[in-house]
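S.K.: Right, I'll just put the structure down here and ask away after.
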Amino acid sequence: MIDFEIEPSVVKRVKMFHMVADGVMRPISREYDEKEHVEPEQYFQTMWAANAMADSSLDLAKKKESKDGDGEKAPARSPMRNLYTVITTEELCWGDAGLFLATPNAGLGGAAVMAAGTPEQKERFLSRFRGGAPKWGAMAITEPGFGSDSSQVTTTATREGDDYVLNGTKIFCTGGDRAAKSEGFIVVWATVDKSAGRPGIKPFVVEHGTPGMTVVRTENKLGIRASDTAAIVFDNCRIPKDHLLGSPEVRKEGGFKDVMATFDATRPIVAAMAIGVGRAALDFVREFLKRENIPVRYGISPRRLTALERDFMEMEVQLKAARLLTWRAAWMMDVGKHNNLEASMAKAKAGLAVTLITQKAVELLGPLGYSRQFLLEKWMRDAKINDIFEGTQQINMLIVARRILGYSSKELN
Ligand SMILES: Cc1cc2nc3c(=O)[nH]c(=O)nc-3n(C[C@H](O)[C@H](O)[C@H](O)COP(=O)(O)OP(=O)(O)OC[C@H]3O[C@@H](n4cnc5c(N)ncnc54)[C@H](O)[C@@H]3O)c2cc1C
């Protein structure tokens, strides 16, 4: 049975995140949209400290819960880590999706370590995010020659003694510049054996400052402009062999499946980002209608609805449907169910929904929606990326079709 019951400690956490979104992100939203490539240093410090505080309060609440219970052990209820992540992600992206992506944390690199790493590797690579100075993690799959079809990786990882040597170019790497400049890392997908095809593709952790790794460019973008998007060249970049995540063995089940496992974990998060942006636009329209004394009449016959009421309700429906799919996809991971189909459903739906909602919101408000006086036009620009990265809408629809119809990627592409 699906259970979205949220623990009281997490409800408190969500409220805290909303305060951060409203009080910390919104006030600097426009500034760092306009100043692309300028570092919001104060924001980094605040968020790094807030994350540490939230983690420790969650730990304390858990300890208290187990003490107040019948005894020595932690509560039996399984921790809904992925569900809580999508809920808090929505909250922060209601604040600002660009700043959310710029927030110092393990990011997509961390998701890859979690999906493909051994317990020892998880501890070794992720413990740095618990203290010290702000740090970033990033993940580099996309190359100049491909995006959607990640089985086309051409970056090579050649084994030399106790090392691997990476050669190739990665583009559009979110947080890549900050990961390289801080004490962070980038998870780079490279092939250990081109002749093996997909199973030869493996994830490697490349530490900041590793000789041979160079950020050559950061992109100028339409939206999420506070987030850095890097092009990175690997030129004889030597890393220890135990930086390969998971098993080095080239076998049918390994390698590429880890890429997919990473996406199963990250697609619900991107869907939640989309929902946060969509909710921001919807709330803005709702407030506007209230101020202008324009009612939205629920529960009356559809034939008596005004065009505006119909549009507004449709926006709400789209957002709620996307949210439910997203929560389900995250919940499935928490309870150990395979969520490949549901993660793609959520991502495709949420990316499309946020694009439609923000465009409709701008349309309903006319010049006010288009003006830079308000953030609505920015949310419309921030929305579209959710329909592109972590698998475009079309690619996710393709995955959904394959799963439902029982086709392989070779049979339906
Ligand atoms: C701001 C930003 C941040 C990014 N961050 C990262 C990151 O952190 N790490 C990373 O590795 N990558 C990242 N990316 C890359 C992103 O994941 C790719 O851009 C995306 O996967 C699409 O790949 P592509 O650009 O090559 O487009 P293409 O694959 O060339 O697709 C172009 C169009 O064709 C459609 N299409 C392609 N194949 C099919 C098909 N078989 N059937 C139907 N339609 C199809 C697509 O849906 C799309 O509409 C980022 C991109 C951007 C813009």
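The values are calculated or read from the model by the stated rules, or taken from the named source; none is laboratory data. Model, not experiment: these values are computed from the prediction. We place every Cβ from the backbone using ideal geometry, glycine too, and count neighbours over all the protein chains shown. For the accessible areas, the whole protein counts, side chains as well, though only heavy atoms, and no ligand, DNA or RNA atoms are used. Shrake-Rupley method; radii C 1.70, N 1.55, O 1.52, S 1.80 Å.
S.K.: Within the stretch 189-198, how many residues are of a type in the set (A, V, I, L, M, F, W, C), open to solvent by less than 10 Å² (accessible area, probe 1.4 Å) and either farther than 26 Å from Gln393 by Cβ or more than 10 Å from the ligand (Cβ to nearest atom) (or both)? Write out each step before concluding.
M.R.: Here is the first cut: in the stretch 189-198, the residues of a type in the set (A, V, I, L, M, F, W, C) are 189-190, 192, 196.
Add one more test, that the residue is open to solvent by less than 10 Å² (accessible area, probe 1.4 Å), and what stays is 189-190.
With the extra rule that they be either farther than 26 Å from Gln393 by Cβ or more than 10 Å from the ligand (Cβ to nearest atom) (or both), the set shrinks to 190.
Selection size over the stretch 189-198: 1.
S.K.: Select from the stretch 148-185 the residues that are within 13 Å of Met213 (Cα to Cα), under 23 Å from the mean Cα position of the chain (by Cα) and more than 15 Å from the ligand (Cβ to nearest atom) and list them in ascending order.
M.R.: Within the stretch 148-185, just Lys181 meets the criteria.
S.K.: Next up: Write out, first by first residue and then by second, each pair whose Cβ atoms fall under 9 Å of each other, whose residues are 6+ apart or on separate chains, and whose first residue, in the stretch 288-302, is farther than 13 Å from Phe312 by Cβ while the second is outside any loop (DSSP other than H, G, I, E, B) and acidic (Asp, Glu).
M.R.: Correct list of pairs: Ile300/Glu309.
S.K.: Consider Trp94 against the criteria (1) within 11 Å of the ligand (Cβ to nearest atom); (2) in a helix (DSSP H, G or I); (3) at pLDDT 95 or above; (4) under 19 Å from Arg267 (Cα atoms): it satisfies all of them except one. Which criterion is unmet?
M.R.: Trp94 satisfies all of (1) within 11 Å of the ligand (Cβ to nearest atom); (2) in a helix (DSSP H, G or I); (3) at pLDDT 95 or above; (4) under 19 Å from Arg267 (Cα atoms) except (1).
S.K.: If you don't mind, another one. Do the conditions hold for Ser182, that is, is it in contact with a His (Cβ under 8 Å, 6 or more places away or on another chain) and open to solvent by 10 Å² or more (accessible area, probe 1.4 Å)? Full working, then the answer.
M.R.: Values: in contact with a His (Cβ under 8 Å, 6 or more places away or on another chain): yes; open to solvent by 10 Å² or more (accessible area, probe 1.4 Å): yes.
It is true that Ser182 is in contact with a His (Cβ under 8 Å, 6 or more places away or on another chain) and open to solvent by 10 Å² or more (accessible area, probe 1.4 Å).
S.K.: Confirm whether Phe234 is modelled with pLDDT of 95 or more, within 20 Å of Lys135 (Cα to Cα) and not small (Gly, Ala, Ser). Steps first, answer last, please.
M.R.: On the way: modelled with pLDDT of 95 or more: yes; within 20 Å of Lys135 (Cα to Cα): no; not small (Gly, Ala, Ser): yes.
Answer is no for this residue.
S.K.: Every residue in the stretch 218-229 that is in contact with a helix residue (DSSP H, G or I) (Cβ under 9 Å, 6 or more places away or on another chain) and not hydrophobic (A, V, I, L, M, F, W, C), please.
M.R.: From the stretch 218-229, those in contact with a helix residue (DSSP H, G or I) (Cβ under 9 Å, 6 or more places away or on another chain) are 218, 221-229; that's our starting set.
Passing the criteria: Thr218, Lys221, Gly223, Arg225, Ser227, Asp228, Thr229.
S.K.: Just to check your reading of the model, which residue among Leu325, Leu365, Leu405 is away from the ligand (no atom under 16 Å from the Cβ) and over 27 Å from Gly109 (Cα atoms)?
M.R.: Only one candidate passes the filter, namely Leu365.
S.K.: Has the stretch 160-169 got any residue that is in contact (Cβ under 8 Å) with a residue 12 or more places away in the chain, out of contact with any strand residue (DSSP E or B) (no Cβ under 6 Å at 6 or more places or on another chain) and either surrounded by 15 or more Cβ atoms within 10 Å (Cβ to Cβ) or among the basic types (Lys, Arg) (or both)?
M.R.: Initial filter on the stretch 160-169 (in contact (Cβ under 8 Å) with a residue 12 or more places away in the chain): 160, 162-169.
The next check asks that each one be out of contact with any strand residue (DSSP E or B) (no Cβ under 6 Å at 6 or more places or on another chain); those that pass are 160, 162.
Restricting the remaining residues to those that are either surrounded by 15 or more Cβ atoms within 10 Å (Cβ to Cβ) or among the basic types (Lys, Arg) (or both) gives none.
No, the stretch 160-169 contains no residue that is in contact (Cβ under 8 Å) with a residue 12 or more places away in the chain, out of contact with any strand residue (DSSP E or B) (no Cβ under 6 Å at 6 or more places or on another chain) and either surrounded by 15 or more Cβ atoms within 10 Å (Cβ to Cβ) or among the basic types (Lys, Arg) (or both).
S.K.: Select from the stretch 209-231 the residues that are more than 10 Å from the ligand (Cβ to nearest atom) and either of a type in the set (Ser, Thr, Tyr) or in contact (Cβ under 8 Å) with a residue 60 or more places away in the chain (or both) and list them in ascending order. Working first, answer last.
M.R.: Of all residues in the stretch 209-231, those more than 10 Å from the ligand (Cβ to nearest atom) come to 209-218, 220, 226, 231.
Across the stretch 209-231, the qualifying residues are Thr210, Thr214, Thr218, Asn220, Ala226, Ala231.
S.K.: On the given criteria, is Thr355 open to solvent by 10 Å² or more (accessible area, probe 1.4 Å) and either among the basic types (Lys, Arg) or over 25 Å from Asp22 (Cα atoms) (or both)? Talk me through it step by step, then tell me what you get.
M.R.: On the way: open to solvent by 10 Å² or more (accessible area, probe 1.4 Å): yes; either among the basic types (Lys, Arg) or over 25 Å from Asp22 (Cα atoms) (or both): no.
No; evaluated as a whole, the condition is false for this residue.
S.K.: Also, quick follow-up: Scan the stretch 108-128 for residues that are buried (at least 22 other Cβ atoms within 10 Å of the Cβ) and away from the ligand (no atom under 16 Å from the Cβ) and jot them down.
M.R.: Those that are buried (at least 22 other Cβ atoms within 10 Å of the Cβ) and away from the ligand (no atom under 16 Å from the Cβ): Gly117, Phe125.
S.K.: Of Lys347, Lys384, Lys410, which residue is surrounded by 21 or more Cβ atoms within 10 Å (Cβ to Cβ) and within 16 Å of the ligand (Cβ to nearest atom)? Steps first, please.
M.R.: Numbers: Lys384 fails: surrounded by 21 or more Cβ atoms within 10 Å (Cβ to Cβ); Lys410 fails: surrounded by 21 or more Cβ atoms within 10 Å (Cβ to Cβ).
Of Lys347, Lys384, Lys410, the one residue that is surrounded by 21 or more Cβ atoms within 10 Å (Cβ to Cβ) and within 16 Å of the ligand (Cβ to nearest atom) is Lys347.
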